[in-house]
Amino acid sequence: MKVKIIYTSLTGNTKEAVDVLSDALTDKGADVEAFDGDDGIEVADFFTDADAYVIASYTDGDAELPDGIIDFADDVEDADLNGFNVSVIGTGDTSYDDFCSAVDDIEGRVKEAGANIIAPGLKIELAPDDEATEALKQLAATITSI
Ligand SMILES: Cc1cc2nc3c(=O)[nH]c(=O)nc-3n(C[C@H](O)[C@H](O)[C@H](O)COP(=O)(O)O)c2cc1C
């Protein structure tokens, strides 16, 4: 199966989570293609030829979406994602009021666009620890079982 991931990461935590997920997916035999949101891939070009799609983002500002994913997330609102399998993950910091709100924000837009949510949004505290690594491996198992 093929899995496409789009992510944005400023200080590396979300990228680390994406790397753990990618490795776990690869271990389960998936072909993984990851895109940095800063490279500006269009929604129409991202949602094309894969069996499952992952969107990964940290939370910025006051519960805001980061610059690296905001345009993509805005375009998701106008897309028709019926029939697409999507999972949203993110990192955040529990010292902020709205922990990982970007995950809920993006997942809401993806659902609104009609996508099938593969698994509930995965929220990770900063860089993935052992528990988060396990959760990412579990997500990889869920994705590869669809
Ligand atoms: C200016 C700023 C605002 C932030 N706001 C939030 C927030 O509202 N909620 C949250 O959970 N984390 C917030 N964070 C924490 C980051 O989301 C967290 O450090 C994340 O792991 C960074 O991901 P990255 O290393 O992939 O860039 C904020 C961080 C910064 C620097």
Counting only residues 5 or more places away or on other chains, whose amide H sits under 5 Å from the amide H of Ser87 once H atoms are built in the peptide plane?
Tyr53, Val54, Ile55, Ile118
Once every DSSP H run of n ≥ 4 in the chain is given -39500 (n - 2.57) and the sum is divided by its residues, what mean residue ellipticity at 222 nm do you get, rounded to the nearest 500 deg cm²/dmol?
-12000 deg cm²/dmol
If r is the Cβ-Cβ distance from Asp93 to Asp27 and R0 is 25 Å, what FRET efficiency results, to the nearest 0.05?
0.30
If you average 1/r across every pair of different Cα atoms in the chain and take the reciprocal, what Kirkwood value do you get, in Å?
14.8 Å
Using the number of other C-beta atoms within 10 angstrom as an exposure proxy, rank Leu81, Leu21, Leu139 with the fewest first.
Leu81, Leu139, Leu21
Among trypsin sites (Lys or Arg not before Pro) in the range 1-67, those in a DSSP loop whose Cβ has at most 16 other Cβ atoms within 10 Å are Lys28
Which lysines, if any, have their Cα less than 24 Å from the Cα of Lys28, not counting same-chain residues under 8 positions apart?
Lys2, Lys4, Lys15, Lys123, Lys137
Only bridges with both residues in the range 33-121 count here: give the DSSP antiparallel percent, nearest 5.
10 percent
Name the residues whose placed amide hydrogens come within less than 5 Å of the amide hydrogen of Leu81, ignoring near sequence neighbours (fewer than 5 apart) on the same chain.
Gly114, Ala115
Contour minus Cα-Cα span, Gln138 to Asp74, at 0.36 nm per residue, comes to 20.1 nm
When the Karplus curve 6.51 cos²θ - 1.76 cosθ + 1.60 is applied with θ = phi - 60°, which whole-Hz ³J(HN,Hα) does each residue of the range 105-118 get, with x for Gly and Pro?
4, 5, 4, x, 5, 5, 5, 4, 7, x, 6, 8, 7, 5
Assign one of three labels to the range 102-146, namely rounded, prolate or oblate, based on the Cα gyration tensor with a ≥ b ≥ c the square roots of its eigenvalues; rounded applies when a/c is under 1.5, prolate when it is not and a/b is larger than b/c, and oblate otherwise.
oblate
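Laboratory data are not the source of any read-out in this text; all were calculated from the coordinates shown. Remember, it's a predicted structure, so these values are computed and weren't measured experimentally. All Cβ positions, even for glycine, are placed from backbone atoms using ideal geometry, and neighbour counts span all protein chains on display.
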